[in-house]
Amino acid sequence: MYMATVVASTIADIMKARSSVRAYQKGKTIPKETLRGILELAGTAPSAWNLQHWKFIVVQNEERKQRLLPIAYGQKQVADASAVVIVLGDTQANKNAEKAYAGAVEAGYMTQEAKNTLFNNINQAYARGPELGVHEAIRNAAFAAMQFMLAAKSFGLDTCPMGGYDPVALRKELNIPERYTPILMMSLGYAEKPAHETGRFSVDDILVEETF
Ligand SMILES: Cc1cc2nc3c(=O)[nH]c(=O)nc-3n(C[C@H](O)[C@H](O)[C@H](O)COP(=O)(O)O)c2cc1C
C-alpha cells in the first residue's frame, strides 16, 4: 500500500516531466552505470509471451553520430545529444523462447508439459507468416522504447523520439541484421533548452465508454 502510493506518484511526476527535448549540451558523456540503469528499467517492459522483442543500439561515437545526421534528415539533436539510441524490434522473437524460459521448469515456475504447450503455441503463431513477426516486433518493442524514455527522465536525462529517418540507410550504416526492424530513433542527453510546450487531447476526447 505504502510502496504503491510512492511509486505511483513518482511515475506520474516523471510522465509529466518528460518531453521531447531537441537542444542538448554538446560534448557530455553519459556515465556507463546510468546508461545501464536506464536499459535495465527499459527491459522491465511487458511483452507477449515474455519474448522481449527489443534491442537498443547506443551510438556515442562522434563520427558515427555525424554519419547518422543526414540519415535523420539533418535533425540536429542527433549530432548534439550525448547518444543516439535506435530501438530495434525482433521480428523472429519466437527464437527467444528458450532463453526467456531457461530454468523455468527447474525452478518450479512451470511444468515441462506446460512449457512444451507454450512453445508449440509460440511457434505456431510465428509460422503463420512474417507479418505477425513484424507486427509483434513493433508492438512489443514500443513498450520498451517508452519505458526507456521515462527511465532516462528518472535519471535526469532527456530524450526525443524520432520517426524521421531513412530506415534503409540506417540499416546499412549500423549493419542491422534483417531479423531486426528499427522501430524508433531517440536522442539521449542533457538538455540545453527545455522542449517547447505541447498540449494533449482531453480525457473526454480520448475516452470511449464501453463501445463506439
Ligand atoms: C513515433 C514518434 C515519432 C516522432 N518523430 C519525431 C521526429 O522525427 N522529430 C522530432 O523532432 N520529434 C519527433 N517526435 C516527437 C513528437 O513530435 C512529440 O512527442 C510530440 O509533439 C509531443 O511532444 P512531447 O513529447 O514534448 O510531449 C516523434 C514522436 C513519436 C512518438
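Taken together, the values in this text are just the output of simple stated rules run on the coordinates, not laboratory data. Because the structure is predicted, anything quoted here is derived from the model rather than measured. Cβ atoms come from the backbone with ideal geometry, glycine included; neighbour counts cover every protein chain shown.
So the values come out like this:
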{"quantity": "Segment 62-76 residues that are under 16 Å from G189 (Cα atoms) and in contact (Cβ under 8 Å) with a residue 24 or more places away in the chain, paired with ones that are within 11 Å of the ligand (Cβ to nearest atom) and of a type in the set (K, R) (beta carbon under 9 Å, 6 or more apart)", "calculated": "Q75/R22; K76/R22"}
{"quantity": "Segment 183-212, residues that are more than 14 Å from the ligand (Cβ to nearest atom) and over 23 Å from T29 (Cβ atoms)", "calculated": "S202, V203, D204, D205, I206, L207, V208, E209, E210, T211, F212"}
{"quantity": "Scan of segment 66-105 for residues that are farther than 24 Å from R139 by Cα, among the polar types (S, T, N, Q) and crowded, with 16+ Cβ neighbours inside 10 Å, ordered by number", "calculated": "Q75, Q77, S82"}
{"quantity": "3 or more residues more than 16 Å from the ligand (Cβ to nearest atom) and over 21 Å from T159 (Cβ atoms): qualifying helices (runs of 4 or more DSSP H) within segment 31-149", "calculated": "97-100, 112-127"}
{"quantity": "Any pair with Cβ under 7 angstrom, 6 or more apart, that starts in segment 11-39 at a residue that is surrounded by 12 or more Cβ atoms within 10 Å (Cβ to Cβ) and ends at one that is assigned to a helix (DSSP H, G or I) and small (G, A, S)", "calculated": "I14/S154; I38/A151; I38/A152"}
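Residues checked against (1) among the charged types (D, E, K, R); (2) touching a strand residue (DSSP E or B) at 6+ places or on another chain (Cβ under 8 Å); (3) surrounded by 13 or more Cβ atoms within 10 Å (Cβ to Cβ):
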{"position": "A107", "(1), (2), (3)": "no, no, no"}
{"position": "A137", "(1), (2), (3)": "no, yes, yes"}
{"position": "P167", "(1), (2), (3)": "no, yes, yes"}
{"position": "L174", "(1), (2), (3)": "no, yes, yes"}
{"position": "D204", "(1), (2), (3)": "yes, no, no"}
{"position": "E210", "(1), (2), (3)": "yes, no, no"}
